[in-house]
Amino acid sequence: MLSVLFEDSSLIVVEKPAGIESQSARGFEEDMVSRIREHIHKLSPKKSTESSNGQPPYVGVIHRLDRPVSGVMVYAKTQKAAAFLSRQVQEGKMKKIYRAVVCGKPVDNSGTYVDFLLKDQKINCSRIVDKSTDGGKLARMNYHVVDSIEVKDEKAGEGLQVLTLVEIELLTGRHHQIRVQMAGHGTPLYGDRKYGKSPSAGPLALCAVRLKFVHPLTGKEMSFSMKEKGGAFELF
């Protein structure tokens, strides 16, 4: 079932659940684009077919979330809207706010992480590198601590581990950026089996909770949000 936060003739804003691809899933797996196309067709099957000359309804991918990440996403319903929204992403004008549960606690309660990331296409991983490294791309994000708790350490038996709920404003959009930077600064995301040194049981605790952008037709700023839920988020 598709959870729609807003929809008009230009765009659709939805809640992406964890475990589904933002676009182009392999084989016959369902992805968000196919869900949205099905939704549009069900609302007005005749209109959606006629307007696209028998082709599936147009759904423009504007930004992406990793498969295990949940969150608010916007998709375009026309090529004109797609170009306008994509330009906002490229110019850094689309505001994206995330919440994550990390293992440990950042040294400072708030701050900005500035690093250079290099993506390894062969293994689909990124890492922090020196500024002078060929192919390294600037990665910036703001964060602040929302809450911090102690829970039983799943790996140490009777020991305790610190978990921290952080809010993050993504200033650049690099591959696995939040996961790489948080791990690189000593606080890997809870449930991150790719970048966490001691992977925690349970799903990856990362959710895109707020999204702000300017509407391509009206020029008005739009803001949408969802509540982080499930897994480690339920501890807070």
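Filtered by the rule that a residue be under 16 Å from the mean Cα position of the chain (by Cα), surrounded by 15 or more Cβ atoms within 10 Å (Cβ to Cβ) and of a type outside the set (D, E, K, R), region 87-108 gives VAL89, MET94, ILE97, TYR98, ALA100, VAL101, VAL102.
Checked against (1) modelled with pLDDT under 95; (2) buried (at least 18 other Cβ atoms within 10 Å of the Cβ); (3) not hydroxyl-bearing (Ser, Thr, Tyr), MET141 passes all but condition (1).
Are there any pairs with C-beta distances below 8 angstrom linking a residue in region 1-12 that is at pLDDT below 95 to a residue that is not in a loop (DSSP other than H, G, I, E, B), with the two at least 6 apart or on different chains, and if so which? If the second residue must be not in a loop (DSSP other than H, G, I, E, B), the pairs left are LEU2/VAL14; LEU2/ARG35; LEU2/ILE36; LEU2/GLU38; LEU2/HIS39. For region 74-91, the count of residues that are at pLDDT 95 or above and on the phi > 0 side of the Ramachandran plot is zero.
Within region 174-188, being within 17 Å of the chain's Cα centre (by Cα) and in a loop (DSSP other than H, G, I, E, B) holds for ARG174, HIS175, HIS176, PRO188. Candidates in region 57-86 are the residues that are assigned to a helix (DSSP H, G or I) and within 18 Å of the chain's Cα centre (by Cα); of these, the one that is surrounded by the fewest Cβ atoms within 10 Å (Cβ to Cβ) is SER86. Only one entry in GLY54, GLY19 is part of a loop (DSSP other than H, G, I, E, B), surrounded by fewer than 16 Cβ atoms within 10 Å (Cβ to Cβ), modelled with pLDDT of 80 or more and not basic (Lys, Arg), namely GLY19. Selection of region 155-182 for residues being modelled with pLDDT under 95, under 23 Å from VAL129 (Cβ atoms) and either of a type in the set (Gly, Ala, Ser) or touching an Asp or Glu at 6+ places or on another chain (Cβ under 6 Å) (or both) yields only GLY173. Here region 22-36 is the region considered, the condition is being assigned to a loop (DSSP other than H, G, I, E, B) and among the hydrophobic types (A, V, I, L, M, F, W, C), and the residue that is farthest from VAL209 (Cα to Cα) is PHE28.
Pairing each residue of region 28-45 that is crowded, with 18+ Cβ neighbours inside 10 Å with any residue that is assigned to a helix (DSSP H, G or I), provided the two are 6+ apart or on different chains, yields C-beta distances under 6 Å for ILE40/SER48. The test for being in contact with a strand residue (DSSP E or B) (Cβ under 6 Å, 6 or more places away or on another chain) and either small (Gly, Ala, Ser) or closer than 15 Å to LYS105 by Cβ (or both) does not hold for PHE224. Is at least one residue of region 177-190 of a type in the set (Val, Ile, Thr) and touching a Pro at 6+ places or on another chain (Cβ under 6 Å)? Within region 177-190 (the criterion being of a type in the set (Val, Ile, Thr) and touching a Pro at 6+ places or on another chain (Cβ under 6 Å)), the answer is yes, since at least one residue qualifies. In region 109-134, the residue that is surrounded by the fewest Cβ atoms within 10 Å (Cβ to Cβ) out of those that are among the acidic types (Asp, Glu) and assigned to a loop (DSSP other than H, G, I, E, B) is ASP134.
The values are calculated or read from the model by the stated rules, or taken from the named source; none is laboratory data. The model shown is predicted, which means the values in this text are computed figures rather than measured ones. Heads up, the Cβs are rebuilt from the backbone with ideal geometry, glycines too, and the neighbour counts pull from every protein chain shown.
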